[in-house]
Structure formats: C-alpha cells, structure tokens
Amino acid sequence: MQLFASTKLVTEKWLFILTSLLVVAVLIVITRSALDDTQHSFSPDLRAAVAGTSPGTLTELEAQTNTDWHPVTNPISFGYSDKAHWVRFSLASASLDSQPSYIEIDYPLLDNIDLWVVQGEAQHHFSAGDNEPFNQRELRYNSFLFALPENDWPAEVFVRVQSSSVVKLPVKVWQRQAFSEYTANTNLIMGLFFGLLLAIGLSNLFFFFTTRNLTFLFYTGYVLCLGLTLASLHGFGYKYLWPNQVWFQSQAVGFLASATLFFAVIFSGSLLEVRQHSPFFTKCFRALALSFLVLTVSALLLDYAISIKVFLMLLTITVILIMGVAIWFAVRRISIAGYYALAWSALLISALSASLDNLGVLNISIPSQVLLVYGATIEALMLSFILAMSYSRQRDQMMQAKEQALDQERESVSAKQELIELQRRTQDELEYKVQERTLELEIALRELSDANRELEKLNTIDPLTGIRNRRHFDKRLQAEGRRSRREQTPLALAMIDIDHFKQINDQYGHSVGDTCIRHVAQMLHSLLKRPSDDVCRYGGEEFAIILPNTETEGAGQLVESIRQQLAETPCIIDNESISLTLSGGVASAIISHEDAETELLKLADERLYAAKQAGRNRVVATSVKPH
C-alpha cells in the first residue's frame, strides 16, 4: 500500500508538471499568433507634449508657442494622473500599404480621448471614452478604434487623453481587413477563456449543491468575479453587460477586483485548511477577507484612483500572505500546498506585473489585461487539476478506511465464530426438543380438532334419520338469508309434514313410525340434486327444505314431485306396505332486511297449514313476498 501511494504521488507530480508546461506552450503560441502581426500593422513612434498647461483643443495647443515634444515609448504610461496629456505621431500615409486603416488605442479604461487627424489644411476630429455611453461610439469596439481617411496623403495625428485611472496609451495602426481578422481571432480566444471560467464556476456550484462543501461555493464566487473583472478590463463588460451604465463602468474594476480577492482569500483559507494548522494565520486571513469585503462596498462610493491604490496595497499583502502560507505548508509536507502555490503564483505574479505596469514601474510589451488573462487561464486549469487530485486522495483515504473496517469486521467475525458455533449446537438441541414436543402437541391438537369436528357434525345430524337437524337448519337459514340479501337472489323454503302420522303411531307403534320417518327423510334427501339444496328434520314428522336461488314456481314444482314420488312409494315393513302422503307449504322471496328469513319461514309454515286445511296430500305455493 505504501509503495502504491508513493508511486501515485510521483505520477501526480509529473502530470502536474506536464500540464503546466502544456498550458504555457499553448499560451506562448496564442501570444505569438495574436500579437505578432507586423506585416499588416505597426506601432508608430510617439512624442509627448511637455507644457505647463494642458489645452483642451488642437487649436489651443497650436496657439501655444512653448510646447516641446519629446519621444516616448509606445505604449506610454503616464501613471495615475487626472490632468490631460497630449501625444502626437506622424503617418507617411493615412492608408497602410494603400489599404484603408484604423488607429487602435488598446486600453479600454480611459475616460476621455480626443483625436485629430491633420492632413494639410484638413482636420478630422474624433472623441471617445468611458465618460459616454458605449452605444454612442462611432465604431462599436471594446477598446477605442478610429478610422483614418481613405487616402494616401501623409497625416499628423494628435491625441489628447485624460482619465481618473491609470493613463496608458498603446497606439497601433492597422489595415482594416487585417484588423477584422485579428479581432475575430482575439474574440474567439477570449470567448474560449470566458467560457472556460463559466464552466469551472458552474461545475463547482453544482459540486457545492451536491456536497454542501463551502470550498466549492467560495471557488465559484472567485471564478465568476475573476471573469467579470477581466471582462471589465478588456472592455467586454461595458460592451455587453452594462453599455449604458457610465457611472458603474468608472467603478467596475475596483468593485469587481475587490470582490475577486475577497473570494480568493476565503477560498485559500478553506482549501489549505489554515484553521487546522495555524490560529495566527487564520486571523490574518479573516482580517484580509474583511478588508476586501469593506473595499468591495466602498469601491462604489470612493474615487477610482483612491480605491484602486488601496486595492493594490491589499493585493501586495495578499500575494505575500497566500504564497508564504502555501510555501510554509509545503515545507511541512502538506503536499497539496505546493501545487496550490504553483497554481496561484501564475495569477498573482501576472496581476502584480500588470499592477506595476499600470503604475509605470515596469514597462511590459504585452498588454496588462492580456497578462491577467494568461495568468487566470494557467491558474484556473491548475486549480482544477488540484481539485481532481484532492478528490482522488479523498477517495483513496475512504477506500483505505473501508479496507480497515473490513479487516476489523473479519477479525470480529472470526472471534465470534466459535461462540456462534456453540450457540448453534445448543440451539439445534433445543430446537430438536421443541420440535419433538411440538409434534406431540400438533398430534394431540389434530386429534382434538377431529374430535371437535366429529362432535360438531354429530350435533348437526339427526340421530334417527341421518339428515341435518333443526340446529343446522337455523344456522343455514341465517347464512342463506344474508347471501340472498347481499346478492339479491331469491331464497325458497319448503315446510313438509307427514299426513296422519299420529294414526300410524297409534296403529303400528312408534317403532314403525320411526321407520316411516326414516323412509321419508331418505326419499327427500335423494330427490334433492343441487349441492346447495339442503333438507333438515325440523321436528317430529316435520321437515324443512332450503332452496337457494330458487323462485316460488320452481320450488313448488320440486315439492310437488316429491309428494307424488312419496305417494307412489309406500314404506315396506315386515312385508306390510304402509302408504304415506305429505303436505307442503312453499314460499320464496329476496331477503331485503333483517329477520326477513324468519318471516319467510313463517309464511312457508302458514302455507303448510293451508295445505292441511285443504285436505292434506297437497302442496300450497305462493309468490307473495312477506312483509
């Protein structure tokens, strides 16, 4: 495991180095392709006016007799100065290589620019700057662009510039066609850069929503504010985001740059886990973050020159603090701190170089805003690589923790195995005894259940006839009544009585009478064909038949056929034939309420009485519904 971890650290180091070299190589290629276009453009030799006063127009300048013009470098930086500055340069032809041309001043933060193109007696005057809405510019370009007259005459160009911020004047003359191609390439590069920052910001915002880790939220704020700051420095913010907000444009750089550093400080403290390593540096980071937060708010109210100077001072402290802490942590073998220091050094060094260039301390050929773009690109890609490394290491730590947990679990399982085996043997013995007793109990319960069922059956069987008795009839009548009421089907009842049975008992004796009752019961049972039909001995020589789902007519026909069959089949006892007849009452209805089946039984019994009154040996059936 240690060998694998060591190999992985070496791999990560080489990947980081190769990624850094690749990014630098790509930026060098982009720089050469974007800035090297000497064939179709050139930077003219500038001369700056040295005068006690700064005239407001070219006419006033020409009226002065004591104006001296001294050669200066291009681009020239006058530093922080709120007075007007005059610069002039000469063009051998207003059309570069006989092609229509532009004059570009590639510094979008200038407040006021007046430019005169003088060709003999002819003068062409142009004005631009951040003090007027972007939509009022003659040429909608994120920096300042002026069209030269379309002729080959020599020209003398005078530029008057005044700004509350750094006064810097990078002047370049372009062929119009070449400038269009250059602008297309530059806009593509800048679009890719801002798209990269936006993608990084949104991805880290989604990581925050899924993990609830504030480090991702701080990094999101930093990346988005950094993108807006660079958009403002390049003039894209004024062109696309706030073209009519002149006041905000004058304060945008100070406000957005301060917000960027605020998020940078709290992100650095969170990623490096400063709180766990140094209480002193934790306080320093908090104080610095609070200072940038106050400056972010006050930048909207203070003069730009004041706020940007305070920002540069805090930026210097930030560079020293963050780089110092990162290097110190790296010396203490906190490996991610070393990568972090390298990633941040690109942006911090480029920002410091751009700041010194704006202050006039350094003179760098590459525009300061381009330096910031390159530094931000390197830093953003390297930080993304660092975040990937951090995630990988956290995953490895989690896997190691899982492995340790599994090892501990295996040891615990092994330690418990003997106890489990002992418990298993004891449990097997106990289960065997329990099963043995349970089997005995089940046998006893089964025998008891069989006995109960047999007893229940005996309780519902008439011992004389072998058919169901009055007790079964009452239960069955209640059940069929509920079914009739639920399913809305007719229920028929038939009450049957053996005619003149008392005379048979008196003439032949009770033994013969019992045989006659059995004869009638067996015949009734044999003539019922449906499984649902049921015949019961109601009492003495009286029987009751339950016929579910049967109308009155059908029930009457069935009982009539039984009457005829009994009349034709006498009971033979000791070679003596005893003729038997019966009387029956039939009633059928759909049970509609409680106790309706009792009323139906009463109606059937009334029909039985009516049959007896009519002379016996007959069946009385009616479809009248009981009430």
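The values are calculated or read from the model by the stated rules, or taken from the named source; none is laboratory data. Please read all numbers here as calculations on a predicted model, not as lab measurements. Backbone-built Cβ (ideal geometry, glycine too); neighbour counts: all protein chains shown. Accessible surface is based on the protein model in full, side chains and every heavy atom, while ligands, DNA and RNA are left aside. Shrake-Rupley method; radii C 1.70, N 1.55, O 1.52, S 1.80 Å.
A compact table of results
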quantity: Output for the stretch 50-90, where each listed residue is at pLDDT below 80 and either in contact with a helix residue (DSSP H, G or I) (Cβ under 7 Å, 6 or more places away or on another chain) or within 22 Å of Leu109 (Cα to Cα) (or both); calculated: Ser54, Thr67, Gly79, Tyr80, Ser81, Asp82
quantity: Failed item in (1) hydrophobic (A, V, I, L, M, F, W, C); (2) over 50 Å from the mean Cα position of the chain (by Cα); (3) closer than 30 Å to Ala264 by Cβ, with Leu197 passing the rest; calculated: (2)
quantity: Test: residue in the stretch 236-251 that is modelled with pLDDT of 85 or more, touching a Phe, Trp or Tyr at 6+ places or on another chain (Cβ under 9 Å), aromatic (Phe, Trp, Tyr) and over 18 Å from Leu110 (Cα atoms); calculated: no
quantity: Condition check for Tyr508: closer than 25 Å to Arg471 by Cβ, open to solvent by 10 Å² or more (accessible area, probe 1.4 Å) and in contact with a strand residue (DSSP E or B) (Cβ under 8 Å, 6 or more places away or on another chain); calculated: no
quantity: Matching residues, the stretch 239-268, being surrounded by fewer than 23 Cβ atoms within 10 Å (Cβ to Cβ) and either assigned by the TED database to the domain that holds Asn142 or more than 25 Å from Ala380 (Cα to Cα) (or both); calculated: Trp242, Pro243, Asn244, Gln245, Val246, Trp247, Phe248, Ser250, Gln251
quantity: Pair list, Cβ < 6 Å and 6+ apart or interchain, from the stretch 109-121 residues that are under 14 Å from Ser163 (Cβ atoms) to residues that are part of a strand (DSSP E or B); calculated: Leu110/Val161; Asn112/Gln162; Ile113/Ala128; Ile113/Phe144; Ile113/Val161; Asp114/Ser127; Asp114/Arg160
quantity: Subset of the stretch 446-469 that is at pLDDT 80 or above and among the basic types (Lys, Arg) - its residue that is nearest to the chain's Cα centre (by Cα); calculated: Arg446
quantity: Near pairs, Cβ below 7 angstrom, 6+ apart or cross-chain, from the stretch 237-265 (under 30 Å from Leu321 (Cβ atoms)) to any residue that is assigned to a helix (DSSP H, G or I) and open to solvent by 40 Å² or more (accessible area, probe 1.4 Å); calculated: Gly237/Leu228; Leu256/Leu228; Phe262/Leu293; Phe263/Phe218
quantity: Residue check for Arg88: of a type in the set (D, E, K, R), in contact (Cβ under 8 Å) with a residue 24 or more places away in the chain and open to solvent by 50 Å² or more (accessible area, probe 1.4 Å); calculated: no
quantity: Single residue of the stretch 572-592 satisfying the filter (open to solvent by less than 70 Å² (accessible area, probe 1.4 Å) and farther than 21 Å from Ile545 by Cα) that is farthest from the chain's Cα centre (by Cα); calculated: Ser577
quantity: Residue in the stretch 130-143 that is farther than 22 Å from Gly237 by Cα and either at pLDDT 85 or above or of a type in the set (D, E, K, R) (or both) present; calculated: no
quantity: Count of residues meeting criterion [in contact (Cβ under 8 Å) with a residue 24 or more places away in the chain, aliphatic (A, V, I, L, M), open to solvent by 60 Å² or more (accessible area, probe 1.4 Å) and out of contact with any helix residue (DSSP H, G or I) (no Cβ under 6 Å at 6 or more places or on another chain)] in the stretch 276-332; calculated: 2
quantity: Any hit, the stretch 518-532, residues being surrounded by fewer than 17 Cβ atoms within 10 Å (Cβ to Cβ) and either outside the structural domain of Ile591 (by the TED database) or closer than 18 Å to Asp595 by Cβ (or both); calculated: no
quantity: Spans of strands (runs of 3 or more DSSP E) in the stretch 140-203 with at least 1 residues of a type outside the set (Ser, Thr, Tyr), open to solvent by 40 Å² or more (accessible area, probe 1.4 Å) and in contact (Cβ under 8 Å) with a residue 12 or more places away in the chain; calculated: 155-162, 171-175
quantity: Condition met for Asp450 (at negative phi, in a helix (DSSP H, G or I), out of contact with any Leu (no Cβ under 6 Å at 6 or more places or on another chain) and surrounded by fewer than 11 Cβ atoms within 10 Å (Cβ to Cβ)); calculated: yes
quantity: Selected residue [in the same structural domain as Glu487 (by the TED database) and touching a helix residue (DSSP H, G or I) at 6+ places or on another chain (Cβ under 8 Å)] from Ala555, Ala611, Ala589, Ala567; calculated: Ala589
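Conditions tested, residue by residue: (1) in the same structural domain as Glu60 (by the TED database); (2) in contact with a Phe, Trp or Tyr (Cβ under 7 Å, 6 or more places away or on another chain); (3) in a loop (DSSP other than H, G, I, E, B).
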{"position": "Asn74", "(1), (2), (3)": "yes, no, yes"}
{"position": "Ser77", "(1), (2), (3)": "yes, no, no"}
{"position": "Lys83", "(1), (2), (3)": "yes, no, yes"}
{"position": "Arg88", "(1), (2), (3)": "yes, yes, no"}
{"position": "Ala94", "(1), (2), (3)": "yes, yes, yes"}
{"position": "Glu104", "(1), (2), (3)": "yes, yes, no"}
{"position": "Leu115", "(1), (2), (3)": "yes, yes, no"}
{"position": "Gln123", "(1), (2), (3)": "yes, yes, no"}
{"position": "Phe126", "(1), (2), (3)": "yes, yes, no"}
